Each structure stands twice: as C-alpha cells, then as structure tokens.
1. What are the residues in region 385-410 that are more than 12 Å from LEU372 (Cα to Cα) and touching a strand residue (DSSP E or B) at 6+ places or on another chain (Cβ under 8 Å), if any?
2. Do you know which residues across region 154-173 are surrounded by 12 or more Cβ atoms within 10 Å (Cβ to Cβ) and out of contact with any helix residue (DSSP H, G or I) (no Cβ under 7 Å at 6 or more places or on another chain)?
3. How many residues does region 212-222 contain that are in a helix (DSSP H, G or I) and open to solvent by 10 Å² or more (accessible area, probe 1.4 Å)?
4. Look at TYR280 and say whether it is at pLDDT 95 or above, buried (at least 18 other Cβ atoms within 10 Å of the Cβ) and either closer than 23 Å to TYR358 by Cα or of a type in the set (Phe, Trp, Tyr) (or both).
5. Can you name the residue in region 175-202 that is charged (D, E, K, R) and free of Cβ contacts under 8 Å to residues at least 24 places away in the same chain and is also most open to solvent (accessible area, probe 1.4 Å) among such residues?
6. Among the residues that make up region 112-119, is at least one of them free of Cβ contacts under 8 Å to residues at least 12 places away in the same chain and either of a type in the set (Asp, Glu) or farther than 25 Å from GLU166 by Cα (or both)?
7. Within region 359-384, can you find the residues that are surrounded by 14 or more Cβ atoms within 10 Å (Cβ to Cβ) and not hydrophobic (A, V, I, L, M, F, W, C)?
Amino acid sequence: MKYFYIFSDSCKIKFYFPSSNIAAPRWLFATLGLQAIACSLLNFSHPPDIYIYACVFVIATLLTCRIPFQLGIMVDDFAAQDENLRLAELRFKASRGDAEAAAALKKHLVERKALPFYQIVATELDWPKDAALQASLEADVTKELEELDAKVKDAEENSGESEVREALLARAEFFGRILDRPKAEEAYERTFKATIGIGQKIDIVLALIRLGLTVMDFKFIATNITRAKGLVEKGGDWERRNRLKVYEATYLVSRRDITGAATLFLDSLQTFSAMELFDYKKFVFYTVITSLVSVDRPTLKAKVADAPEILTVVLENEKLNNFLSALIECDYNKYTATLPDILDVIGEDRFISVHKNYIGRELRVVSYSQFLASYQSVTLTAMCRNFGVGPEFMDGELSRFIAAGRLNCKIDMVGGVVETTRPDAKNALYQNTIKQGDLLLNRVQKLSRVIDI
C-alpha cells in the first residue's frame, strides 16, 4: 500500500491507496485535476480549508478511482477471511501432498477444538490415531457447550429477546467453529427464528452459505442463496446485496457457470466487500478469467483491461497482466506462452481447479475465434507462427473445436489454408424455428393421444 499526507497548521491526514508504479500516479493526477475544477467552481481564490480540501479529495477519489480505500487504516486490517474457508483451503492443499499445509491444518483444528472436522480430515489424510488428543478435545467441546447452553437458558429466563438471540448466535457460531455441520445448521436455524431484523437474518443465511462453501455442498448453497435473495428483496441493504452477488458468483464459478459468474463478478467490481470469502486479489483473478471466457473483446477492454479496480491488482501480477494484455493487443504468441502459467494458478485454486481443463479449452477457443474473425482465409503456417505452435498441434486443435461446433471455419489441408465460414444468423434462426416447431407438434400429438384415451 502507498500513502501520502496532507498537512495543515492543526492536523495531519494520512491517505492510503493501492500501490502501483503506473496506476497510482494516474489516480493522484486525476484526483488533483478534479480538485482544481471543484475549487474553480466554488470560486476559491486561495487554497480551501483543510477540511473542505479533504472532502473534495474523498469525492474526487471516489469519482475517478472507484477504489475502496481507508483513512488511516489498511484494508487488510478491516476484514479477514472466514476461518472455516481458510481451513478448507489448507485441507485442499494437504490433500495434494502439501506437508506444510497438513501440519498447519492439524494445528488450527486442535486450537479451534474442531473435533468433528478433525476426525474427517484425519481419515482422509491418514493421520495416526491419537486417542488422548481426541479425548481432550471432546472434553473441551463438552465443557464449552455446557457453558453456552447455560447462557442460553439464563437469557431465556432472565433477559430480553436480543440477549436470547445473542446467546443462540454464540452457540451457533461455536458449532460452526468446530465444524459440526448438522448441529451448526440446526443452531443457525434456531437463531434465525429468534431474529427479527432483515439484515441480521441475511447475515445468518450468509453464514450458512459459507458453511456450505467450506464443504462444497452445492445443493445446500443454492438453497440458501435463493433464500438470501428473498430476504434481500424484502429490505436488505446495498452492502449485503453486493456481498450476496459475490457469494452467488463464487457458487456459479464452482459449478462451471462461467458466464453467470462473470456477470456477477463484474457487477461487484466497484463494490466488493466480501473479504470473508477471499481477498481482493483473488476476486480480481476470478473476474479476469471468467471475463476472458465470457465477454467480447470491446467489453473486455472497457470493463476489465481499462478498469482501475482491475489495474490495482493486475499491474502487480505479471503473469495475469501479460495474459490479459496479450489478448487485448492480439499478441497471440505471448498469450499462448502465458496460458500454462495461468492454468497452473487455476489448478491450485480450490473453487475452480476441477474446471482447469474446461477453462483452458475455452481460453484457447477465445483466442482462435478472435484471430480468425479478422480473416476470410489464412494459411495454417501463418496461424501457427502467430500462436507459436507447430502445424500438427494447430491442426488437431482446430479439428477438435470445429467438430464440436466451437469454431466457424474449415481446414483445407491440401492448400494449407484455414477458411472461415461466417454464420448465417437468419438461416440459423429459420432452422431453429423449424426444429422447435417439430418438437412442439410432437408434444401436441402425444397430448392428443392421451386426451383421446
């Protein structure tokens, strides 16, 4: 993080903004430019008072940068990732043979007294049985649960509704902390019934979604996302509404709905605050990758490549910056050379690693489609030279994607030419209408037979 000070006779204000050798000066100059305009409009003959100056700075920064920043504190101090999701990442890495992650996972599970999850992970990773440790954890869990139950009982007998809710929530968070999922769900549902405010109800449902993301139970996640949407429509604030978009996008990208995830990630770009799921760098990575697969080149350039929210991270990530700029600048050789590095990063991500091959294919289709869109015909040799691959590899790639209907072209191996075949939209619409009409007639005929009977 970079920062600078504004001084006056009576105070000193410290402003933070994301570090970048290129982007940060641009934001600063743009901010100072808007400040100058604002001062001119207000007919200031002298520099404004420090308080007005600070207000103008904040407004100008929001207008020009649209980047979350903190006054006097770091973003990292403002929010932290959900502990259960962090444990899930350690579990993912440990399952892939990372001894350091396995050791850290075991340490955290013991510290959190997460006996139910410890037993599951111990079986998965073949940890040696430690009866003494498990007995100790079980005793600690039982003791803490008894204390929480006593607080709930005392609140129900001697306190008001808000105190009862707080006691129930503490009990639910305890089951969430030790990752006893069935009891956590039951406790959160009990807390939900004792909750009146819509915002607090949404928070409970978001906690359930995070619990589902920890164990990747997609049916459970989908159910609670639908539930949260209903609550948001009844009166949820914008902050929770925006967080829910990121939750849903994470669910969609985990289920391989790349287009749906890209739409939600882009919508959340200027309002991202779901730091409990992952940090801003990972959010930008998801946004870039899903957008590369889903949106066209003009949209990619306008909403992703030129977006200051993206630049804050991309300019500090050489691989991602090279990959994104290569497609925008039509440098297909660099794009192809960088793709394996990007796929390695995808393969190490818990949410999208299972879709690594699919995303890799889609990213290649995007580059081939963009290249061929500029030509009616191009030699196979020229295409190989642009992508930095051999003729046999390119022939195999194109043949596979043509057969799957992903590329509108054909290969003339005798002449060594790739010819593009522009899709006829009107003819395609006609054919689709005929096909849908036939299906409708078949259904009507089947229905008529049933009615006759």
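The values are calculated or read from the model by the stated rules, or taken from the named source; none is laboratory data. The structure presented is a predicted model; accordingly, all values stated were derived computationally and were not measured. Please note: Cβ atoms are built from the backbone with ideal geometry, for glycine as well, and neighbour counts cover all protein chains shown. Quick note on the areas: whole protein, heavy atoms, side chains included, nothing else; ligands and nucleic acids left out. Shrake-Rupley method; radii C 1.70, N 1.55, O 1.52, S 1.80 Å.
1. ASP395, SER399, ILE402, listed by residue number.
2. Narrowing region 154-173 to residues surrounded by 12 or more Cβ atoms within 10 Å (Cβ to Cβ): 154-156, 159, 161-173.
ASP154, SER159, GLU161, SER162, GLU166, GLU173 - these are the residues of region 154-173 that are surrounded by 12 or more Cβ atoms within 10 Å (Cβ to Cβ) and out of contact with any helix residue (DSSP H, G or I) (no Cβ under 7 Å at 6 or more places or on another chain).
3. We begin by selecting, within region 212-222, every residue in a helix (DSSP H, G or I); these are 212-215, 218-222.
From what is left, the residues that are open to solvent by 10 Å² or more (accessible area, probe 1.4 Å) are 215, 218-220, 222.
The number of residues fulfilling the criteria is 5.
4. For TYR280, the condition - at pLDDT 95 or above, buried (at least 18 other Cβ atoms within 10 Å of the Cβ) and either closer than 23 Å to TYR358 by Cα or of a type in the set (Phe, Trp, Tyr) (or both) - is not met.
5. Among them, the one singled out is LYS193.
6. Within region 112-119, not a single residue is free of Cβ contacts under 8 Å to residues at least 12 places away in the same chain and either of a type in the set (Asp, Glu) or farther than 25 Å from GLU166 by Cα (or both).
7. Residues satisfying the conditions are GLY360, ARG361, GLU362, ARG364, SER367, TYR368, SER369, GLN370, TYR375, THR379.
Conditions (1) among the basic types (Lys, Arg); (2) more than 23 Å from ARG364 (Cβ to Cβ); (3) surrounded by fewer than 20 Cβ atoms within 10 Å (Cβ to Cβ); (4) at pLDDT 95 or above, marked per residue:
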position	(1), (2), (3), (4)
ASN224	no, yes, no, yes
THR250	no, yes, no, yes
THR271	no, yes, yes, no
MET275	no, yes, yes, no
ILE289	no, no, no, yes
VAL304	no, no, no, no
